[in-house]
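The values are calculated or read from the model by the stated rules, or taken from the named source; none is laboratory data. Keep in mind the model is a prediction, meaning the values are calculated, not measured. Using ideal geometry, Cβ is built from the backbone for each residue, glycine included, and neighbour counts are taken over all protein chains shown. Side chains included, ligands, DNA and RNA excluded: accessible areas come from the protein's heavy atoms. Shrake-Rupley method; radii C 1.70, N 1.55, O 1.52, S 1.80 Å.
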Amino acid sequence: MTQVNDIVQVNPDRETFGACMVVVTEVKSWGIQGYVQSAGVDGQQYIRLKSGDFEPTGGKAVWVA
């Protein structure tokens, strides 16, 4: 079961964020909400993913932005 602060990977078939690692911020009945850390600029990009559009990696974020 996916939990807050888990790291999941986006299905590579998705056009936007495909294969990115996402830190989970909320678990919903339909999937998750989380963020991808922006590279080279301040801030994060938030994303919502339906179940089936991501896979758990087994990792946990140590530092959460």
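Only one of these conditions is not met by D13: (1) under 11 Å from the mean Cα position of the chain (by Cα); (2) without any contact (Cβ under 8 Å) to a residue 12 or more places away in the chain. Which number is it?
Only one criterion in (1) under 11 Å from the mean Cα position of the chain (by Cα); (2) without any contact (Cβ under 8 Å) to a residue 12 or more places away in the chain is unmet by D13, namely (1).
Mind listing whichever residues of the range 6-30 are out of contact with any Asp or Glu (no Cβ under 7 Å at 6 or more places or on another chain) and surrounded by 14 or more Cβ atoms within 10 Å (Cβ to Cβ)? If you could, list the steps in order and put the result at the bottom.
The first filter runs over the range 6-30 and keeps only residues out of contact with any Asp or Glu (no Cβ under 7 Å at 6 or more places or on another chain), leaving 6-7, 12-13, 15-23, 25-30.
The answer is D6, I7, F17, C20, M21, V22, V23, T25, V27.
Filter the range 31-55 down to residues that are in contact (Cβ under 8 Å) with a residue 40 or more places away in the chain, open to solvent by less than 90 Å² (accessible area, probe 1.4 Å) and not in a loop (DSSP other than H, G, I, E, B), then give me how many there are.
Adding up the residues that qualify gives 2.
Report, by residue number, each residue of the range 56-65 that is at pLDDT below 95 and either open to solvent by 100 Å² or more (accessible area, probe 1.4 Å) or in a strand (DSSP E or B) (or both).
Those that are at pLDDT below 95 and either open to solvent by 100 Å² or more (accessible area, probe 1.4 Å) or in a strand (DSSP E or B) (or both): V62, W63.
Is it true that some residue in the range 33-48 is more than 16 Å from V64 (Cα to Cα) and at pLDDT below 95?
Yes, there is a match, as at least one residue in the range 33-48 is more than 16 Å from V64 (Cα to Cα) and at pLDDT below 95.
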